[in-house]
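The values are calculated or read from the model by the stated rules, or taken from the named source; none is laboratory data. What you are looking at is a predicted structure, and each value in this text was computed from that prediction instead of being measured. Please note: Cβ atoms are built from the backbone with ideal geometry, for glycine as well, and neighbour counts cover all protein chains shown. The accessibility values were calculated without ligands, DNA or RNA, using every heavy atom of the protein model including side chains. Shrake-Rupley method; radii C 1.70, N 1.55, O 1.52, S 1.80 Å.
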Amino acid sequence: MTDLTPPGRKPARPYFSSGPCAKPPGWAPEKLATESLGRSHRSKLGKARLKLCIDLIREVLEVPATHRIGIVPGSDTGAVEMAMWTMLGARPVTTLAWESFGEGWVTDAVKQLKIDPTIIRADYGHVPDLGRVDWSNDVVFTWNGTTSGAKVPNGEWIAADREGLSIADATSAVFAQDIAWDKVDVLTFSWQKVLGGEGAHGVLILGPRAVERLESYTPAWPLPKLFRMTKGGKLIEGIFTGETINTPSMLAVEDAVFALEWGKSVGGLSGMQARANANAAALDTIVEARDWLGHLAPDPATRSNTSVCLTVAGADADFIKAFAKLLEDHGAAYDIAGYRDAPPGLRIWCGATVDTADVEALGPWLDWAYTTLKS
């Protein structure tokens, strides 16, 4: 008979969601600074805490002095759409899509901005032929496909002499993968992914060429107040020193500050990347030992080390739903079902805020859930 006894050891922190992601190890609400709560974000204290958050992002992420960093509304989605609405339309546009969020930016370009972009697609788990990109165009792409587990291999495919802007949604790539800052004109992310922070706020990073576009181009469509980054043809510099466009949650800011300071404590960018790589390697060991598990992204060169997407032999959407629920009910793993638009499978977050020992402890539980449901 098949042994259906649950494994004895559980992951100590069974948080494997791909967003919002696991809090940093050691996090507790009472550890957050709270002096800024109940104060105006425009007070001396409020602006100082917002600037501290920006400064820590620059330090830990190793953003060069040439690039401005702003905290903006609407999570990563808001940051991407701010860039698209304010900068696109000046020249032809190419959009790359190989998963759900990339398709969302295609929809924005086609149906909302109506700019008739060139669209280059690939199936889930793969990236498009990057050699097809025409860099006389502005190019919008996801650095890491959160819902497909496939990422760009590096920044070498981005032309150094590009005429257009490179606009990268890097929300599940930063702090885990190398970013070629000399190749990136606009980069966006949110705290809720690789930092394990809270949602609602995005981060918008602008290189010099993006600032030049903002100051020299006025789009044909109206801009909501939340998207306006210039006044009188000049960049509103205050946005990039902590004077946010709208009222931020200072509790979310303090949570991000905690996560960034934790990132410094584990070795900064290289330390966070090493943790993500170790987690992804531990999960790969689990996959390689099981013939019923596989990677949705078959090529290691373009396989994510954060949002790792797995195939399960013979599984349909109902099987995956039951699989994830079984593990959640036993407190062994939370939120590991694949994204709703992706092929049925599992998605396990391996970013730096996850402990490798917890990934390793997951293997027997995956076996148990699979065997239980098959039986």
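Here are some notes:
- Folded to 0 to 90 degrees: helix 75-87 orientation relative to the chain principal axis, Cα: 40
- Protection proxy ranking of 115-125, 307-317, by the mean of other Cβ atoms within 10 Å over each peptide's residues and highest first, is 307-317, 115-125.
- Counting only residues at least eight positions apart within a chain, or on another chain, the aspartates and glutamates with an alpha carbon under 16 Å from that of Lys111 are Glu81, Glu103.
- Highest mobility in the GNM of the chain, judged by mean-square fluctuation with C-alpha springs under 10 Å and restricted to Trp292, Trp349, Trp85, is found for Trp292.
- Cross-link pairs Lys114/Lys183; Lys183/Lys264; Lys23/Lys193 - those with Cα-Cα distance over 21 Å: Lys114/Lys183; Lys183/Lys264
- Normalised per residue, the volume of the convex hull around the Cα set of region 263-357 (Å³): 111
- Point-charge dipole on Cβ atoms (K/R +1, D/E -1) for region 148-189, about Cα centre, debye to 20: 160
- Square roots of five times the Cα gyration tensor eigenvalues for region 1-139, Å: 35, 30, 14
- Signed unit charges on C-beta, dipole axis of region 1-52, positive-most listed residue Ala28, Thr5, Tyr15: Ala28
- Inverse of mean 1/r across different Cα pairs in the chain, Kirkwood, Å: 21.3
- With protein chains left intact and a 1.4 Å probe, residues in region 1-120 average 47 Å² of accessible area per residue.
- Rounded FRET efficiency, nearest 0.05, which uses the C-beta distance separating Asp123 from Leu32 and R0 of 30 Å: 0.10
- Leading residue at positive end of dipole, the chain (Cβ point charges), from Ser375, Pro364, Pro73: Pro73
- In summary, the aspartates and glutamates within cross-link reach of Lys10, defined as a Cα separation below 14 angstrom excluding same-chain residues under 8 places away, comprise Glu328, Asp329, Asp355, Asp358, Glu360, Asp367.
- The residues of region 236-375 have, on average, 38 Å² of accessible surface per residue, using a 1.4 Å probe with all protein chains present.
- Dividing the summed helix terms, -39500 (n - 2.57) for each DSSP H run of n ≥ 4, by the number of residues in the chain produces a 222 nm estimate of -10000 deg cm²/dmol to the nearest 500.
- Computed from Cα atoms, the angle from the helix 250-265 axis to the main principal axis of the chain rounds to 70 degrees.
- Using only side-chain charges placed at the Cβ, +1 for Lys and Arg and -1 for Asp and Glu, the dipole size of region 156-299 relative to its Cα centre rounds to 480 debye.
- The ratio of the alpha-carbon radius of gyration of region 100-245 to the globular-protein estimate 2.2 N^0.38 Å is 1.06.
- Region 115-177 - percent of accessible surface contributed by carbon and sulfur, probe 1.4 Å: 39
- The string of couplings for region 23-37 from the Karplus curve (6.51, -1.76, 1.60, θ = phi - 60°) is 5, x, x, x, 5, 7, x, 6, 8, 7, 5, 10, 4, 7, 6 Hz, one whole number per residue in order, with x for Gly and Pro.
- Computed from Cα positions, the angle between helix 356-374 and the longest principal axis of the chain comes to roughly 60 degrees.
- Computed extension gain for Thr66 through Lys231, at 0.36 nm per residue and net of the alpha carbon distance, reaches 57.3 nm.
- Taking all protein chains together and rolling a 1.4 Å probe, Arg228 ends up with roughly 120 Å² accessible.
- Once backbone amide H atoms are built at 1.01 Å from N, Asn137 has Gly164 as its partners under 5 Å, excluding neighbours fewer than 5 places away on the same chain.
- Taking amide H as placed 1.01 Å from N in the peptide plane, Leu310 has its amide H under 5 Å from the amide H of Leu296, Leu346, Arg347, Ile348, each at least 5 places away in sequence or on another chain.
- Inter-centroid distance (Cα atoms) of region 123-159 relative to region 6-44, Å: 31
- Within the accessible area of region 205-271 (1.4 Å probe), percent carbon and sulfur: 56
- Rounded to the nearest 20 debye, the dipole size of the chain about its Cα centre is 1120 debye, using +1 on the Cβ of Lys and Arg and -1 on the Cβ of Asp and Glu.
- Inter-label distance, Gln112 to Lys374: 4.4 nm, where each label sits 7 Å from its Cα along the C-beta direction.
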